[in-house]
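Have a look at the structure below, then the notes.
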Amino acid sequence: MAVDAGTARAIADLARLSLARGAGETEGPGPGGDSADLERVAGEMSKIVGYMEILNECATEGVEPMYSPMTDPQPPRADEPRETGVGSGDWILDGAPETFGRFFSVPRIF
Amino acid sequence: MASDPNLTSLTLAEAREGLLKRDFSSAELVRATLDRIDETEPRVQACLHVLRDKALADAAALDGAGPDRSKPLWGLPVTVKDVFLVRGAPTTAGSRMLSGYMPGFEAGVVTRLRAAGAVITAKTNLDEFAMGSSTEFSAFRPTRNPWNLSRVPGGSSGGAAAGISARQAPGAFGTDTGGSIRQPAALCGCVGLKPTYGRVSRYGIVAYGSSLDQAGPLARTVGDCGMLFGAVAGPDGRDSTSSRVPLEDLSAMTPPEASKLRFALPRELWEGRFDTEVEKVLSSARRVMESAGIRLEAVSMPSIRYSVAAYYVIAAAEASTNLARYDGVRYGLRAPGRGDLLSLYRESRTEGLGPEARRRILLGTFALSSGYYDAYYRKAAQVRRLIHEEYARILGEFDFILAPVSSIPAWPFGSFTDDPLTQYQLDVMTLPLNLAGGPGLSLPAGLGADGLPVGIQIQGPHFREKPLLEAGMLLESMFPRLPEPAFVSG
């Protein structure tokens, strides 16, 4: 299938990525540091998604999808506290771009 | 100070012997490899972070306690790809998104390397988030191939492979999601092992495709890969996909008898178009194997035809999910945004993620989105089942599968950066194995007249790394031994 500019825009929105405005568009996410234009991204996606349609030539009726190559069962481990080596140190908050006291900080939501 | 070639050209096994006999100390060996990194980095650019002070301190501490035969990697310098978390060192995964990120814990592989006595000397370059086949998609700099500095080293573990080849280290760890250990090993003339999915802990490794990612070693000999693999393999309760299938005893490895071996050669991989020099080296390798009495038989694995499409749907879907965590809030890069949370997410991600990571996120989001899920993601997972079954069938009849690693040798920079689909299609030799989950070993088959190394790979049944390595040792003894790259001796 061809991925049109509208679909590319919708997918980019879902993925929380900016694409620059396409030719003739007045609406769009606007600045975001990406110089790629919407048509170019849509064209590139069309080419790749078009290639993926080769999958339709493969007969898979009744085939159980395989989401992981794991073969042995993984029983849950005992639910008991143990030392992980991760600790609860300040390093977690130290790595945050912005904090407020002991919390991660984000722009106002409401 | 010039590095000591007598130390930097040693294999891991040779270096271990020298350390245990006290011919040289760990500090001397580690210092020689660090000096070698200093000398070669301006041209090769294999490393993102060199851990000089920590490595020298670790080596001195080991020397203080004296050689320990019970530790399989005692005193040996090893590099890790910059997706393995190392305490006290940055982890960027080759992305601006993680510039300056300092993890507070360590990858399972790194913990085991230290317990085995290894000294981590550097964190190596890669395509951003391990997405790529040339290391050109590193956000920081491309790595150059020591065999020809105008060529790529392959990828995504390009820094690991180039570093081994440039004698910066005798051993390295990388990750292989669709060929990212085997292909750079082939393009740089070294050996690379992709273990069975679940054989090596993924704990503390920056995730790309969680049902495909597997960590493994690169080195200059098959035996060295076995040493590195044996030191880190085995169950880890902190990785829920880590397998509890018992590990084989790797302490005594014996190459099998050639006349007893049967290899399957999938037509779908051998009958395509090859670069002339690659074709010549591979033909010669097959002839050498046959004249030694190894039986090579052509087989058909028809689902391989769909493997590139299935892989890129699944890997992109998993990448889009894994990379959703980079939101500019808890760690990593944060763009100013426009006062609201959504624009903060969007601008942080757009600024922090490079073109290939963004492309795969978009593809994966598409394949997982409502209305397309069944046609792409579920369908790809069904095809994956067929590929898995084909591998099981062939490996039930034959000892191993023999395959090329790349149809072309290391290519000039920029050849495919604007043509992602062609680049994806070049991965057809390596990625079917990741879909199936089994182990594969890439080793040098020879050198083309163009002076570029050519690799060949063998693939075996799940969790049977030992016979795979043993067969690799046999082939290694038959194939021409590569000289040092001119860059190294010159």
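The values are calculated or read from the model by the stated rules, or taken from the named source; none is laboratory data. All figures in this text were calculated on a predicted structure; none of them were measured in a lab. Neighbour counts run over all protein chains shown; Cβ positions are idealised from the backbone, glycine included. Surface accessibility is based on the protein's heavy atoms, side chains included, excluding ligands, DNA and RNA. Shrake-Rupley method; radii C 1.70, N 1.55, O 1.52, S 1.80 Å.
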*Rounded to the nearest 0.05, what FRET efficiency do B:THR276 and A:SER46 have when you use their Cβ-Cβ distance and R0 = 25 Å?*
0.15
*Bin all alpha-carbon pair distances of the protein assembly as shown at 20 Å intervals from 0 and give each bin's fraction as a whole percent.*
21, 56, 22, 1
*May I ask you to rank B:TRP147, B:TRP411 by accessible area, largest first, using a 1.4 Å probe over the protein chains only?*
B:TRP147, B:TRP411
_Whole-number D in µm² s⁻¹ for chain B, Kirkwood Cα-pair radius fed into Stokes-Einstein, 10 °C, 1.306 mPa s_ = 71
*Among beta bridges that DSSP assigns inside the protein assembly as shown, antiparallel share in %, nearest 5*: 65
*At a probe radius of 1.4 Å, what is the per-residue accessible area of B:VAL288, in Å² to the nearest 10?*
50
*asked:* Nothing charged except the Cβ atoms of Lys and Arg (+1) and of Asp and Glu (-1): what's the magnitude of the dipole of chain B about its Cα centre? Round to the nearest 20 debye.
replied: 760
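Please sort by residue number the trypsin sites (Lys or Arg not before Pro) in segment B:1-106 whose DSSP state is loop and whose Cβ has at most 14 other Cβ atoms within 10 Å.
Here the sparse-neighbourhood loop sites are B:LYS21, B:ARG22, B:ARG69.
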*Would you tally the net charge around B:ARG325, using a Cβ to Cβ cut-off of less than 13 Å, leaving B:ARG325 out, and scoring K and R as +1, D and E as -1?*
+1
*Residues of B:412-422, mean number of Cβ from any other protein chain within 10 Å of their own Cβ, rounded to a whole number?*
1
*Order these peptides, B:377-384, B:136-143, B:154-161, B:214-221, by their mean beta-carbon neighbour count within 10 angstrom, highest first.*
B:154-161, B:214-221, B:377-384, B:136-143
*For segment B:122-163, what mean projected area does the convex hull of the alpha carbons give, in nm²?*
2.5
*Just tell me which lysines come within less than 29 Å, Cα to Cα, of B:LYS260; anything on the same chain fewer than 8 places away is out.*
B:LYS194, B:LYS280, B:LYS466
*For an R0 of 41 angstrom, estimate the FRET efficiency from the Cβ-Cβ distance between B:LEU421 and B:GLU297 and round to the nearest 0.05.*
0.80
*Between B:LEU342 and B:THR254, what length comes free when the chain is fully extended (0.36 nm per residue of separation minus the Cα-Cα distance, one decimal in nm)?*
25.8 nm
*asked:* As a test, work out the antiparallel percent of DSSP beta bridges whose residues both lie in chain B, rounded to the nearest 5.
replied: 65
*Could you tell me whether segment B:135-192 comes out rounded, prolate or oblate from its Cα gyration tensor? Rule is a ≥ b ≥ c as square roots of the eigenvalues, rounded for a/c under 1.5, then prolate if a/b exceeds b/c, otherwise oblate.*
rounded
*Average beta carbon contacts from partner chains per residue of B:314-326, 10 Å cutoff*: 1
*First compute the accessible area of the protein assembly as shown with a 1.4 Å probe, then give the percent of it belonging to carbon and sulfur atoms.*
52
*What is the mean number of Cβ atoms from other protein chains located within 10 Å of the Cβ atom of each residue in peptide B:332-339, rounded to a whole number?*
3
*Applying 1/(1 + (r/R0)^6) with R0 = 22 Å to the Cβ-Cβ distance of B:LEU247 and A:TRP91, what FRET efficiency is obtained, to the nearest 0.05?*
0.10
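How much net charge surrounds B:ARG52 when only other residues with a Cβ under 15 Å from its Cβ are counted (Lys, Arg +1; Asp, Glu -1)?
For residues surrounding B:ARG52, the net value is -3.
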*asked:* Could you sort the peptides A:53-62, A:6-15 by per-residue average Cβ neighbour count (10 Å cutoff), highest mean leading?
replied: A:6-15, A:53-62
*Output the DSSP H helices from chain B with an along-axis C-alpha extent of no less than 18 Å and a mean Kyte-Doolittle hydropathy no less than -0.5.*
B:52-65, B:276-291, B:307-322, B:355-368, B:465-478
_Solvent-accessible area per residue for chain B (1.4 angstrom probe, square angstrom)_ = 32
